[in-house]
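One structure is given below, encoded as structure tokens.
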There are 2 protein chains.
Amino acid sequence: MPVFPSRRVRETPFTPGVRAAGAKAFTVYNHMLLPTVFESLEADCAHLKRHVQLWDVACERQVSIKGPDAERLMRLISPRDIGRMQADQCYYVPCVDAAGGMLNDPVAVRRGPDHFWLSLADSDLLLWALGVATALGLDVEITEPDVSPLAVQGPKAEALMERVFGPEVHDIRFFRYRELPFEGRTFVVARSGWSKQGGFEIYVEGAEYGMPLWDALFAAGEDLNVRAGCPNQIERIESGLLSYGSDMRRENTPYECGLGRFCNSPDEFIGRAALAREVANGPKRIIRPVEIAGEPLGTPTNVWPLFADGRQVGQVTSVAFSPDFGVNVAIGMVDRSHWDAGTQLEIVTPDGMRQALVRDRFWN
Amino acid sequence: MPVFPSRRVRETPFTPGVRAAGAKAFTVYNHMLLPTVFESLEADCAHLKRHVQLWDVACERQVSIKGPDAERLMRLISPRDIGRMQADQCYYVPCVDAAGGMLNDPVAVRRGPDHFWLSLADSDLLLWALGVATALGLDVEITEPDVSPLAVQGPKAEALMERVFGPEVHDIRFFRYRELPFEGRTFVVARSGWSKQGGFEIYVEGAEYGMPLWDALFAAGEDLNVRAGCPNQIERIESGLLSYGSDMRRENTPYECGLGRFCNSPDEFIGRAALAREVANGPKRIIRPVEIAGEPLGTPTNVWPLFADGRQVGQVTSVAFSPDFGVNVAIGMVDRSHWDAGTQLEIVTPDGMRQALVRDRFWN
């Protein structure tokens, strides 16, 4: 099922490197190509856990919010307490509508007192921010800048990054950033990334620096066994990293997604009343790790329903077979009545009915 | 370059039919699969011009705007005069930001006095409408309903539609609709579609009706040589049908896109002042049909720059070789200095420099 070429589905500054490295499949994310497999899901996962990989995650497009009203807008569209955000900080922010429904779960990067980037999951959150700002007449400029994140992930990420950006990388704390030099420019380098194997995200400002940086990191990491990789479906499910559009959508609240701890704003943000009601009542359903018995299963293209005593009590939205744990690992959304760890459920898969176990914790 | 499966990139109600019909490539459009080729671009185009095709265009997702303030919101986000929209009418509406920049070019469908659908091009315009409505506290519900357009296109579309929906289809005027029955439901059936070969779009409400309708149309049209098709890259370029994201983006105004005639609203819509300035000054550049000399060219994945005397004067964003016209047909955006019909330019393609001719009119 090949992807048809067009300008609308954008290539990234790193696409030449990704193609040369032999990407075998892609998805489309924020109107942009995102590689999904290089050798195989299993081999990519094993390598990620032992070495270091470069990930073309340029599709994490930035929404730049800049101007005198930038912080005011951020406080309005963020359930998280923006007032406490430090100058070098990245905040994971579940963005919600007035009913508390998830619109995106970006990472906000504070670029200055009056300047923020939102590093997006897969929806045009720019249009939400722009709609709110336009209707309120806020003095703020909202654009998609020429900024393309490149992730360096895996246990040897630190060693590789030091060789290219210097020892200062060791001082970057989790979800903090520094501006570090590369070929006469400085890039935001944050300790973050969509795996639990450790690493950094480099916000490459200026598409023309993409391949030079890609090549520099490859050249510096040869003896570290660096290779091209991408967000890995197995590792991210083991780690409980949610994918907006797959595991949660506008019909879900941050509390259902286990993201309640990021909803601590004292401001009058959009969705405040709805989220307060959700706290008072408790969510009806919640994201849970689910272990599915039997032979390895493929990736769902739609929900797989969970049943108990013939009644649907939830759904599974992401599945992969984990070689390390020897089971099918999955992310589900389970009703309150059946969300306790240890609950045995049944799941309808394209390969027939299977046993499914609600777990206490994700695997990584 | 296969598409990796996920729930995030959604299948449509017609996907089983599309796969069975042998779709060879897909793109992703509004987070949903859109087939792009069945036999070949050339064979698909020739068939479309002679027979009738069913197109899975479910990816034209609907934004439903419903409630007491629905028309107020529509007047705010539409440069087109919504006050003149009849009860059975479809309006092509270039939606713009405060600077007049294109955000999408949906077809608005008036479903009632207080109810509209926006049938989208490829951007989450729901978030724009929702942002504006939320910030202003409008009394309106904005959702993505379970509505999936199925297009029936080609010269025999009328004959096929009559067999399934009855002779009333003949009475549907261009960009008007009727609600016609199918298996105990009624669907909006409009005379519209993303080709110039004539036909209809059926707004299938309820995913479970997708394949029954698909199958009914196939069964009824066997002697009409009905087959599965899709928006065809050759035919749509010959016809000058623009693709949002490829041929125009937020950096373009409707006047640059040749869509000025759709900006006639007397209301205080968003972007009004900017568009008035554009009218006063005239656009700096405009969409033009461009003929590229030489051997057949492939599809651009990025802009191909147009040059005159060594200076860039425009760009081409969509290209296909047209067997019927025997040339490479293309859609370009050309600066005022060089947009006159008959102007000879040079274009940089992946196959080298070619001659390019600015034409007066598109081919179909």
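Brief remarks on what is shown
- Rounded to the nearest whole Hz, the Karplus-based 3J(HN,Hα) values (6.51 cos²θ - 1.76 cosθ + 1.60, θ = phi - 60°) of segment B:44-52 follow the sequence 4, 5, 4, 5, 4, 7, 10, 10, 8, with x at glycine and proline.
- Calculated from backbone phi, Karplus (6.51, -1.76, 1.60) coupling profile of segment B:223-237 in Hz, x at Gly/Pro: 6, 8, 6, 5, 8, 6, x, 6, x, 9, 4, 6, 5, 6, 6
- For segment B:163-304: rounded, prolate or oblate by the Cα gyration tensor [a/c cutoff 1.5]: oblate
- With each label modelled as a point 7 angstrom along the Cα→C-beta vector, the residue B:293-residue A:179 pair spans 4.9 nm.
- Under the criterion of Cα pairs below 8 Å and six or more residues apart, the relative contact order for chain A equals 18 percent.
- Computed about its Cα centre, the charge dipole of chain A is approximately 520 debye, with only Lys, Arg, Asp and Glu carrying charge at their Cβ.
- In the assembly of identical copies, residue A:181 has its label point, taken 7 Å from Cα in the direction of the beta carbon, separated from the corresponding points by 7.8 nm (ascending, one decimal).
- At an R0 of 30 angstrom, the distance between the Cβ atoms of residue B:216 and residue A:346 translates into a FRET efficiency of 0.30.
- Within segment A:173-260, DSSP assigns beta bridges of which about 80% are antiparallel (rounded to the nearest 5).
- In a simple Cβ point-charge model (Lys, Arg +1; Asp, Glu -1; nothing else charged), the protein assembly as shown has a dipole of about 520 debye relative to its Cα centre.
- The protein assembly as shown shape via C-alpha gyration tensor axes, a/c threshold 1.5: rounded
- The spacing between segment A:63-138 and segment B:80-130, judged by their C-alpha centroids, is 26 Å.
- Structure note, pairs B:24/B:156; A:24/A:156; B:24/B:49; A:24/A:49; A:284/B:66; B:24/B:284: Cα-Cα distances above 32 angstrom occur for B:24/B:284.
- Within chain B, helix-based [θ] at 222 nm, where runs of 4 or more DSSP H residues each add -39,500 (n - 2.57), nearest 500: -5500 deg cm²/dmol
- Estimated from the Cβ-Cβ distance and a Förster radius of 30 angstrom, the FRET efficiency linking residue A:309 and residue A:360 is about 0.85.
- Computed over the Cα atoms of segment B:286-364, the ratio of the radius of gyration to the Kirkwood radius (Rg/Rh) comes to 0.92.
- Shielding by partners for peptide A:20-33, expressed as the average number of C-beta atoms from other protein chains within 10 Å of each residue's C-beta, is 4.
- Separation of the residue A:84 and residue B:163 label points, Cα + 7 Å toward Cβ, nm: 6.7
- Taking Lys and Arg as +1 and Asp and Glu as -1, the other residues whose beta-carbon sits under 13 Å from that of residue B:25 total 0.
- Note on A:117-128: average number of Cβ atoms from other chains within 10 Å of each residue's Cβ is 5.
- Translational diffusion coefficient of chain B (Stokes-Einstein, Kirkwood radius from Cα pairs, 10 °C, 1.306 mPa s): 75 µm²/s.
- Across peptide B:249-255, the average count of Cβ atoms from other chains found within 10 Å of a residue's Cβ is 1.
- 7 Å along Cα→Cβ, label-point gaps from residue B:205 to other copies, nm, shortest first: 5.0
- Copy-to-copy label separations for residue A:43, where each label sits 7 Å from Cα toward Cβ, in nm and ascending: 3.4
- Long-range HN-HN contacts of residue B:345 with modeled amide H, under 5 Å: B:356, B:357, B:358
- In units of the rule-of-thumb radius 2.2 N^0.38 Å, segment B:62-140 shows an alpha carbon radius of gyration of 0.98.
- Among A:88, A:56, sorting on how many other beta-carbon atoms sit within 10 Å of each Cβ, with the fewest leading, yields A:88, A:56.
- Using C-alpha pairs under 8 Å with a sequence gap of at least 6, the mean separation divided by the residue count of segment B:286-364 gives a relative contact order of 38 percent.
- Amide H contacts of residue B:92: B:108, each under 5 Å away and 5 or more positions distant or on a separate chain (H built 1.01 Å from N in the peptide plane; Pro and chain starts excluded).
- In order along segment B:137-151, the phi-based Karplus estimate (6.51 cos²θ - 1.76 cosθ + 1.60, θ = phi - 60°) of 3J(HN,Hα) comes to x, 6, 8, 7, 10, 10, 9, 9, x, 7, 10, 10, x, 10, 9 Hz; Gly and Pro are listed as x.
- When peptides A:57-67, A:15-25 are ranked by their average number of other Cβ atoms within 10 Å per residue, the highest-first order is A:57-67, A:15-25.
- B from A by rotation - nearest chain A beta carbon to the axis, in Å: A:131, 1
Values in this text are rule-based calculations from the coordinates and carry no lab data. Keep in mind it's a predicted model, so treat the numbers as computed, not measured. For neighbour counting, all protein chains shown are included, and Cβ atoms are generated from backbone atoms with ideal geometry for every residue, glycine included.
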